[in-house]
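Shown next, in structure tokens, is the structure this report addresses.
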Amino acid sequence: MSLQTRLGKVIVNTTRREFVQWLGLLAAWSSFGQEKQQRLPIAFSTLGCPAWNFAKILDFADTHGFAAVELRGLEGNLDLPTYPAFSPGRVAQTRRDISSHGLQIASVSTSSSMGEADSQKRKQALDDARRSIDLAAALGAPYIRVFGNSSDAENPVVPNEDLKARVANGLHELGEYAGTAKVMVLLESHDDFTSSAVLQDVFRRAESPHVGLLWDAYHTYDSSHEQPEETVKKLGPQIHHTHLKDAIGNGKDRHYVLTGQGDVPIVRQVRALHSIGYKGFYCFEWEKVWHPDLQDPEIAFPDYARVMSGYLRQAGTKTS
């Protein structure tokens with residue numbers, strides 16, 4: 001007997017009042033199912049869980065209400081296109097696994113630097129970035145991340161004209177390639193490129209609709225001493241993805257802490273993004289790869305989900 005026939009018999013053999021109650025129950029069940037799928041736009045970077053395999057990452061993100069995962073190394077491998085789950089024979093299944101968990105890949109985040117002056121290093125950086133663009137396209141990810149600084153730079157500097165020109169040229173070249181794959185290349189506000197004025201100049205020179213900003217809100221605040229409202233006012237149209245993290249202390253004693261326990265104005269960063277209608281993810285970058293003494297991801301990730309969900313709801317951000 002078909003479902004339609006069974007439902008027909010139910011309708012025939014019930015009173016109008018009972019039928020209305022049935023409809024109410026069905027509507028509630030449907031609403032519950034939809035509500036279960038709705039998530040706030042929070043994500044975490046795999047930089048924070050270097051020991052986890054990809055299956056555990058997906059399970060954990062799904063269980064704790066994350067909407068996306070940013071790829072930045074997996075099980076010690078920072079060259080993401082060579083990770084087994086992303087091989088040509090497996091990447092389609094991997095994409096299905098991501099989707100079945102109700103997740104997205106927020107970004108494929110590379111180590112490629114657009115500031116390389118050495119011709120061989122520059123070629124390698126651009127080639128690696130193109131491989132990551134291909135991977136992002138295969139996974140349905142909208143972005144890859146690149147850096148602006150040179151790998152030879154020991155300390156952040158104010159970028160000179162040559163460095164800015166190299167970065168802008170690299171972004172333009174990659175943007176041309178990424179546009180055909182429906183992927184955007186994001187320059188992270190990091191190292192030598194944390195000032196809004198410098199970033200504005202680079203984006204102007206890059207002249208590409210396929211290039212944007214990954215706003216690492218910690219670095220513009222901590223390194224360039226910009227208030228979040230100022231940064232968002234100047235760079236808002238370029239911001240497509242963001243990294244958030246908290247810290248406390250001064251100088252060499254400055255260190256990362258759990259979200260909301262430091263002095264970084266994360267609430268204001270969130271509100272500034274919300275004020276411009278930002279539609280991207282609020283991604284937790286817990287740098288455990290570089291700082292093994294940080295709290296384990298089993299503690300830090302759920303804590304971020306709880307705290308950031310509160311911040312987003314206060315700002316009026318809706319689930320999707």
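Numbers at a glance
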| read-out | value |
| --- | --- |
| Subset of the range 97-117 (residues that are out of contact with any Phe, Trp or Tyr (no Cβ under 6 Å at 6 or more places or on another chain), among the small types (Gly, Ala, Ser) and at negative phi) | Ser99, Ser100, Ser109, Ser111, Ser112, Gly115, Ala117 |
| Among residues of the range 238-254, those that are more than 17 Å from the chain's Cα centre (by Cα) and outside any strand (DSSP E or B), counted | 6 |
| Residue count, the range 250-301 (criterion: closer than 23 Å to Pro50 by Cα and among the hydroxyl-bearing types (Ser, Thr, Tyr)) | 3 |
| Condition check for Leu163: crowded, with 17+ Cβ neighbours inside 10 Å, within 26 Å of Ala68 (Cα to Cα) and more than 19 Å from the chain's Cα centre (by Cα) | no |
| Residue check for Glu173: touching a residue at least 24 places away in the same chain (Cβ under 8 Å) and within 21 Å of the chain's Cα centre (by Cα) | no |
| Members of the range 62-80 that are outside any strand (DSSP E or B) and more than 29 Å from Gly310 (Cα to Cα) | Glu75, Gly76, Leu78, Asp79, Leu80 |
| Residue, farthest from Asp62 (Cα to Cα), within the range 287-320, restricted to residues that are surrounded by 13 or more Cβ atoms within 10 Å (Cβ to Cβ) and modelled with pLDDT under 95 | Ala315 |
| Those residues of the range 262-304 which are among the hydrophobic types (A, V, I, L, M, F, W, C), closer than 14 Å to Leu244 by Cα and touching a helix residue (DSSP H, G or I) at 6+ places or on another chain (Cβ under 9 Å), in sequence order | Val264, Ile266, Val267, Val270, Ala272, Leu273, Phe284, Trp286, Ala300, Phe301 |
| Options Phe32, Phe66: the member that is at pLDDT below 95 and of a type in the set (A, V, I, L, M, F, W, C) | Phe32 |
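The values are calculated or read from the model by the stated rules, or taken from the named source; none is laboratory data. These numbers were taken from a predicted model, which means no experiment stands behind them. Cβ atoms come from the backbone with ideal geometry, glycine included; neighbour counts cover every protein chain shown.
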